[in-house]
C-alpha cells in the first residue's frame with residue numbers, strides 16, 4: 001500500500017504541475033512577444049494624412065482570412081522609410097493625390113502563414129480574385145510566395161495613389177462573388193485607388209510595373225507613383241507595381257517577428 005500510495009501521489013503531482021504550466025502558457029506568451037527596435041515607428045506618427053487600408057488584418061486578401069501577427073490595422077516602418085514616404089506625400093498632395101498603404105512591416109509569422117496556405121493545394125477560396133490564371137502549385141516557382149519577405153526587414157511597403165477628395169472603400173463581405181483582379185476597374189472589387197490596371201496583390205504578369213500591355217492612363221498612374229517614390233530613395237519591385245523598398249535599408253539582413261501592434265513599439269505612437 002505504501003508503494004502504491006507513493007506512486008499515486010507522484011502521478012497526481014505530475015498532472016497538477018502539467019495543468020499549472022498549461023494554464024500559465026497564455027499569460028507567458030503575452031509577455032514574450034518580441035519588441036521592435038527603437039527606430040521603428042507607426043507611420044501615423046510621422047504622417048497622419050497617408051491613408052491606411054491594411055489588408056492582412058482583414059479577410060480580403062489572397063488567403064481569405066486575417067493573417068498571423070496582424071493584431072491592429074497599423075502601418076509600421078523604420079523611421080527613414082516613414083520620413084521618405086512623408087516627403088512623397090507632401091509632393092503628391094500638391095498634385096491632388098494622397099498615398100494609401102496596403103501593407104508595411106510584415107512579421108515572419110505572417111510570412112509563415114502565407115507559406116502554409118500556399119502548401120495547402122485544397123484551399124483555393126480566393127483564387128477567383130487574386131490568382132485566376134495561376135495554378136497554385138506554381139506559387140513558389142513563379143515567385144509569388146517565398147519563405148522570406150523584404151517586408152519583414154521594415155523598410156518595404158505596398159502602396160498606391162488615391163485622388164483627392166478620397167472616397168471611402170466599402171468593406172469586403174466574406175463570401176461575396178469574386179471578380180478577377182485584372183478586370184476593368186469598374187468590374188473588379190471597388191477600391192478608391194486610381195486605376196493601376198490591376199488590383200492590389202494580383203498574382204498575374206499584368207501586375208509587372210512596366211508590362212507593355214498596360215498603357216494609357218493606367219501606365220501614367222503607375223509611372224507617377226514610381227517616379228515620385230524613386231525620386232526619394234525607394235526602389236520598385238518590377239513584378240509588383242505596388243511594392244517599394246526604401247534604400248539603404250536600416251536592417252538589410254534582419255527578418256523581424258514582432259506583431260503588428262502598438263505594443264510592439266518601444267514608445268507610444
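Being surrounded by fewer than 16 Cβ atoms within 10 Å (Cβ to Cβ) and within 17 Å of the chain's Cα centre (by Cα) is a property that does not hold for residue 82.
When the stretch 110-158 is filtered for residues that are under 30 Å from residue 89 (Cβ atoms) and surrounded by fewer than 16 Cβ atoms within 10 Å (Cβ to Cβ), the ones remaining, listed by number, are 143, 146, 148. Among residues of the stretch 218-238 that are more than 14 Å from residue 92 (Cα to Cα), those with a Cβ under 7 angstrom from a residue that is in a helix (DSSP H, G or I), sequence gap 6+ or separate chain, pair up as 233/84; 234/84; 236/226; 236/230. Looking at 168, 184, just one residue is touching a residue at least 24 places away in the same chain (Cβ under 8 Å) and more than 19 Å from the chain's Cα centre (by Cα), and that residue is 168. Within the stretch 192-213, being under 23 Å from residue 64 (Cα atoms) and in contact (Cβ under 8 Å) with a residue 40 or more places away in the chain holds for 192, 193, 196, 197, 198, 199, 200, 201, 202, 203, 204.
Somewhere in the stretch 159-170, is a residue surrounded by fewer than 14 Cβ atoms within 10 Å (Cβ to Cβ), touching a strand residue (DSSP E or B) at 6+ places or on another chain (Cβ under 8 Å) and modelled with pLDDT of 95 or more? Yes: one or more hits.
The values are calculated or read from the model by the stated rules, or taken from the named source; none is laboratory data. Quick caveat: nothing in here was measured; it's all calculated off a predicted structure. Because the Cβ atoms are built from the backbone with ideal geometry, glycine has one as well, and the counts that use them run over all protein chains shown.
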